[in-house]
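Heads up: the structure comes next, in structure tokens.
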Amino acid sequence: MNPPILEIRHLDLQLGGFRLADFNLEVAGGECVALMGPSGCGKTTLLETICGLHRPAAGTIHLAGRDITHLPPGTRGIGLVPQDIALFPSLTVAEQLAFGPKLHRWPPGETRERVLSLAKALDLTSLLGRGLHGLSGGEARRVALGRALALRPRLLCLDEALSGLDETLHGEILAVIRDAIRREGVTALHVTHSSAEAAAIADRVVRMQARVPDAGERDLTANPPNGRWRHRSSGPPPGPEVGRC
Amino acid sequence: MPSSPPAPSHPWRTRPELPFLLFLAAVLLGYLGLLVALVAANILTVSPAQALEVLRNPDIIHSIRLTFFTCTATAALSVLIATPIGYLLSRFRFPGRMLIDTLLDIPILLPPLVIGLSLLILFNRITPSSCCLVLGGTLALATLVGWLAVLPRSAPPAPAILTTLGLVSLTLLATAWFTRHSTASLETLAGDRFGLPMTFQPLGIVLAQLPVAAAFAIRTLRTTFDQISPRYEAVALTLGCNRGQAFTRVVLPLAGRGVLAAGTLAWARALGEFGPVLVFAGATRGRTEVLATSVFLEINIGNLPGAAAISLMMILLAVAVLLLVRLFAGNPPPSGQ
């Protein structure tokens, strides 16, 4: 097994009434880990914290040996595909793919080359000049994936990126994501509710679980979004072991 | 298995629903009737010849021009003020947010004359030093309370906001100290030092229209930003944007329709502003007369058809503006994919 590229140690996060306590996770280089758990247990919040969108109260996050706990999101080397895709409506497909490289002041030639190679790999070449109107759900997801991969991130975070797709399209995009992860050699964290999807794409499943309520404490599992949760992820994975993608 | 009864092709025609629906329709028609009657009253009071005569009156032509100029300036200023405030209130949680939110609504609730009177007193009875002292003191107090509330939790981005507030309050207090011997009023300062006299001057009209117009623009833009998913900014941040770039490159283009709607609404509010304009800028013919005050002046000299003709013009403008707002605000900005 490759040495860990992502190391999360004793992560504490408090957002309003939500709490993530003493969370630990190691992900090996090139590994694809599926994060699963009940709704409201903090999968998306964890992903966003890794991306730098929330500041943890305690703990550290290391990516490729570098402490990124307090780095701004854009300097962490992490690509994000959020749940609702969030493609920028005023940009064409090519502009979406070039958004990150242009911000990082890549030379124009290199940016163009990267956009073309991504478009070819994700079958977007014929759509490069198109705006977002008229893109199908599958095409939109491929664009979002390309946008997240454009800067050659060390880690790719996928937050239920396949939700809302019909069965045929779901399988097709799953294959595209799997191929892209393998081709780019990127480590991936994939949040999903589907065991089948996790089995198809991930090397390992990490199940995030609700904290068992203390004695005398209200059972918060009945009302998860407002409760306090503790997550368990270290040690042997409690979920089913799944094969490599 | 018993088959369910067929659904009626027009559910509203079923007998049990009819009285309730008739009641709703009656209320709607009654109120619409009142509005139509108000417009019709103006139309019946003025003949086309009288309307043309009013439109040829040089004073009214000046009033129309000044109305367009002041309303446009007020709308532009309102959008400039409302865009950052609306975004701040929509995206950030910080101590005192609810209080600030309430304060921003005050111009909508205040009697219009109070705004005019307050402006008059502020510009003519208060020295800049006192102004800075009160503003700086209030901000310093707010900053102190904010820090005390935030320090135990150190929740970002409150410290950044509080640091800015603290610096502004210190600047204001320092200004108050250095200008403490000056007895000149704000009006004297604005007129003599900066060449921008306000009281009973055309520029004063913009200032009188601004509080209410900006309050409406802030409401509109805050709603617009609330409807835009924060995930757009999240993605932009991971791609290398800082907060400012994420706002200007991603959020602002998405909020374009909302900005236009806020501007149009502010323009419409400024068009109808009368009380503050009358008290602070006056209603001098050919100088500080806008359409709202023209109606007042025409009634004062007993020219009812003239007042009705100007009223009709304002009604047409208001309808046009409302249609534009509906057009801009009709399609909310995308909240996700």
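Key figures for this structure:
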{"quantity": "Charged-residue dipole, Cβ positions (Lys, Arg, Asp, Glu), the protein assembly as shown about Cα centre, Debye nearest 20", "calculated": "640 debye"}
{"quantity": "Of all DSSP beta bridges in the protein assembly as shown, antiparallel share, percent nearest 5", "calculated": "45 percent"}
{"quantity": "Sequence ranges A:18-27, B:92-101, ranked by mean other-Cβ count within 10 angstrom, highest first", "calculated": "A:18-27, B:92-101"}
{"quantity": "Residues losing 40 Å² or more accessible surface upon assembly, region B:226-246, compared with the chain by itself, 1.4 Å", "calculated": "B:R231, B:Y232, B:V235, B:L237, B:T238, B:L239"}
{"quantity": "At least 50 Å² of accessible area lost relative to the chain alone, listed for region A:91-119 with a 1.4 Å probe", "calculated": "A:F99, A:L103"}
{"quantity": "For region A:13-76, radius of gyration divided by Kirkwood radius, i.e. Rg to Rh on alpha-carbons", "calculated": "0.94"}
{"quantity": "Cα-derived Rg over Rh, computed across the protein assembly as shown with Rh taken as Kirkwood radius", "calculated": "1.07"}
{"quantity": "Surface share of carbon and sulfur [accessible, 1.4 angstrom probe, percent] for region A:1-74", "calculated": "51 percent"}
{"quantity": "Shielding by partners, peptide A:66-76 (average Cβ within 10 angstrom, other chains)", "calculated": "3"}
{"quantity": "Solvent-accessible area, 1.4 Å probe, carbon plus sulfur percent, for region A:108-204", "calculated": "50 percent"}
{"quantity": "Nonlocal amide H pairs with A:R207, under 5 Å, H built at 1.01 Å", "calculated": "A:M36, A:G239"}
{"quantity": "Using θ = phi - 60° and Karplus 6.51 cos²θ - 1.76 cosθ + 1.60, couplings along region B:242-255 (whole Hz; Gly, Pro as x)", "calculated": "8, 4, x, 5, 4, 5, 6, 8, 10, 6, 4, x, 6, 8"}
{"quantity": "Buried solvent-accessible surface, both chains (B, A), 1.4 Å probe, Å² to nearest 100", "calculated": "1900 Å²"}
{"quantity": "Size descriptor, Kirkwood hydrodynamic radius, that averages inverse alpha-carbon separations across chain B, Å", "calculated": "23.7 Å"}
{"quantity": "With every protein chain in place, chain B: carbon and sulfur % of accessible area (1.4 Å)", "calculated": "73 percent"}
{"quantity": "Highest-first arrangement of A:84-93, A:42-51, A:171-180, where packing means the average Cβ count within 10 Å", "calculated": "A:42-51, A:84-93, A:171-180"}
{"quantity": "Length gained when the stretch B:I43-B:T164 is fully extended (0.36 nm per residue, less Cα-Cα span)", "calculated": "38.1 nm"}
{"quantity": "Integer Hz, Karplus 6.51/-1.76/1.60 couplings in order for region B:37-45, x for Gly and Pro", "calculated": "5, 4, 5, 4, 4, 5, 5, 6, 7"}
{"quantity": "A:C157 long-range amide H proximity, modeled H, under 5 Å", "calculated": "A:G79, A:L80, A:V81, A:L189"}
{"quantity": "Coarse-grained scattering of region B:217-282 at q = 0.16, 0.22, 0.26, 0.28 Å⁻¹, given as base-10 log I(q)/I(0) from a Debye sum over alpha-carbon atoms", "calculated": "-0.62, -0.87, -1.04, -1.12"}
{"quantity": "Accessible area of the protein assembly as shown divided out per residue, in Å², using a probe of 1.4 angstrom", "calculated": "50 Å²"}
{"quantity": "Ratio of the Cα radius of gyration of region A:52-202 to 2.2 N^0.38 Å, where N counts its residues", "calculated": "1.04"}
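The values are calculated or read from the model by the stated rules, or taken from the named source; none is laboratory data. No experiment lies behind these values; they were computed from the predicted model shown. Please note: Cβ atoms are built from the backbone with ideal geometry, for glycine as well, and neighbour counts cover all protein chains shown. Just the protein is used for accessible areas: all its heavy atoms, side chains included, with ligands, DNA and RNA removed. Shrake-Rupley method; radii C 1.70, N 1.55, O 1.52, S 1.80 Å.
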